[in-house]
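Where a number appears in this text, it was derived from the coordinates with a stated rule and is not lab data. This one's a predicted model, so the numbers in the text were calculated from it and none came from an experiment. As a convention, Cβ positions derive from the backbone with ideal geometry for all residues, glycine included, and neighbour counts pool all protein chains shown.
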Amino acid sequence: MIDRLRDRFPNLMGLLDGPRVAAEVELAAPCFREESPFDCITHLKTEGRIGSSLLTYHLLASLGEWGCFDPTVAQLELDLIRLASYLPDPVRYEIAAAAIACDVLEPGSLLLEEPIAGSDANPDVTGRWDGQRARMEVTVVHDDWPPSYSVAAEEEVKAASVPGGFQARLNIPLASVPAAKEARAFIERIHAEHPDQEDTKRTQVLIGGFKFEKSGRDFYCWDARCPVGYVGFHGNDDREVQGSCFTRSTVTRYESDDLEAGFPTPPGVVVLGDAPRHPASHRSTPAGQKIYQILEGKLRQCEPGAINVVVLGQPKAANDRGVDDALLGSPLALVRRADDGSAAETIAMRTGAGPFVVPPAIDLSQLPTERQEWGRGQLEAVRLEAEKFTKLSGILVLRIEAGQPVARVILNPNAAVPITDPQAERLRDAATQRVGRVVENPRRDVDAAPGDSASGNVCGLATCEEVEPRAGSESNGTRSTNPGGVVNPLRRIVQGRGAMMDGIHEQPHYEVQSTELAAWLERQGDAWWNVDGDSLLTGLLTFPSPGDELAAVLRRLDRPLLVQDRRADPKGKGERIDSTKLDELVTSLGNNLHMINGGAKPAWASDRLFFLSWKGSRGEWMLVEDRETTESNRMDAAAAGKQ
């Protein structure tokens, strides 16, 4: 029973799910064999055997079994997906933390934003845990490093105002248009200052304060601080640009200084951290340092004498190792050098400069006499660090996104009020049930600024108006269906969509299971499809979508649909049909399109179209064929096959 609810309503059940809800659903299911299921479930509530009669009734009624169906839960699922489009990460993780707290804290003890006595601090969740007062504070790691590759940055460099073509190797990543403008200007300056490129003799020239080695049309710079490492000009129009990689420090500056004091760098050895580099290609603040600062700031939300847990939202998997670096000290390699200067032995270790390290972290007996004083100073630093964090009992690391979910409990060995092993196991189990299933944000465009989204939606607090995508834009790795900035035909055809689709359930229609629509889509071969007006599917897939991917989602949903009968002589009265009847009901975008002076209809006019609605919902939407994307992908596949 609970598994069917999880499959059909993953977002809602991601918030509600737990051992308690599962047990109550199984207990109440037999009530639907009674004459009055609701009265039976209410009786269970009166006896104290279930917590909520209304919730339990609507969950079971949503399954449509026992000759009873209630659309309330299905509508809640749709509302949650719509809501997820506007929820920022902190709110989503606070929802997840509250749901986890409901599973581990004592029933009836849960409070939100309860102030700490004598303080202006108010942790997100408060309750009792095995008779002990407990606090939970939620925070999210926002770290945009490394940034994503930018097509616009590459095109900016390629647009350099120089005759002919060139090849360029940059010392900056192709991730930022402002940095790309700097590289472009440098390429233009090189060409302007040295237009005579026929002399193949190697010479050194000074350009923009950097030394270049010139050989004919080739210019080399070995200084990594220069935005351009190499550029070679040629006569044809081809332009190739290669950006650099990103680097990030793994040891904080404070740890680096301490290590240098205890283990000085041998003469003649250059440490990579001290090597020159362009600032756009490197970040000097390690992920661990940023996470440490976040946790340090949350100590004021910890109540003395209580179990205090910080829920650390970790949306980006690239920062996972930073959690251990923050708690245990940064990683490093200790190299023992042989008499001839070669590396005789390398030991992987951590600095130990972290709050979850158990003092003493350094065995002074292993240090040479001249470093004993340095070692004692490090021991005192570790002790003070551990002492500062004793109010923190542990950390729950969460990533609720379905792609790479994480639920990890890290206990503080120095905690004043520790979390027991059984408590840690219960917390981990409760969190594991939530991650990957809590409401996700399906329409987040990471690179798009507000009001400049390639997704076709500009949403504010109260309104959401549809706009045209930017010319030649791409969204979520899919091909734009609007090359050249032409007006999207779908928008023109359905500007009066409300009138055209007024109440499918009140118009001639048939009922078809989504699995049958999936079977029909699979028979259409490699066709691509768009969905317009349904937040459930647009929350689960990126559109346009290949038919097989859309079919897989429709099979998983396994819900009844209403399909409008738009034939000239409609006959549908709500009868259930299978996939073989859908060919008779499909219409096309151009059915209502009339050309002036008998002109030819545009190519998209023949794109196939269904008008649909989920049974039990008043929202109507369209499933539209996208032949332009289909043909484009066929050409790409053919070209790839020839290579």
Review point. What ranking, highest mean first, results for peptides 548-555, 630-637, 422-429 when packing means the other Cβ atoms within 10 Å averaged over each residue?
Key: 548-555, 422-429, 630-637
Review point. Based on the alpha carbon coordinates of segment 81-240, what radius of gyration and maximum Cα-Cα distance (Dmax) apply, in Å?
Key: 28.5, 85
Revision key, fill the gap. Residue span THR580 to ASP257: 0.36 nm per residue of separation minus Cα-Cα distance leaves a gain in nm of 108.9 nm
Revision key, fill the gap. Pairs over 28 Å Cα to Cα, from LYS181/LYS201; LYS581/LYS615; LYS571/LYS615; LYS211/LYS290; LYS290/LYS388, come to LYS181/LYS201; LYS211/LYS290
**Study point:** Label-point gap, in nm, between GLU522 and VAL270 - each point 7 angstrom along Cα→Cβ
**Key:** 6.0
Practice item. Can you tell me the FRET efficiency between MET349 and THR72 if r is taken as the Cβ-Cβ distance and R0 is 56 Å, rounded to the nearest 0.05? Key: 0.45
Review point. Across segment 227-241, in residue order, what do the Karplus-derived ³J(HN,Hα) couplings come to in whole Hz, using 6.51 cos²θ - 1.76 cosθ + 1.60 with θ = phi - 60° and x for Gly and Pro?
Key: x, 10, x, 7, 8, x, 8, 8, x, 7, 8, 5, 10, 10, 10
Study note, to complete from the structure: Plugging the Cβ-Cβ distance of LEU334 and GLU26 into 1/(1 + (r/R0)^6) at R0 = 60 Å yields, to the nearest 0.05, a FRET efficiency of 0.60
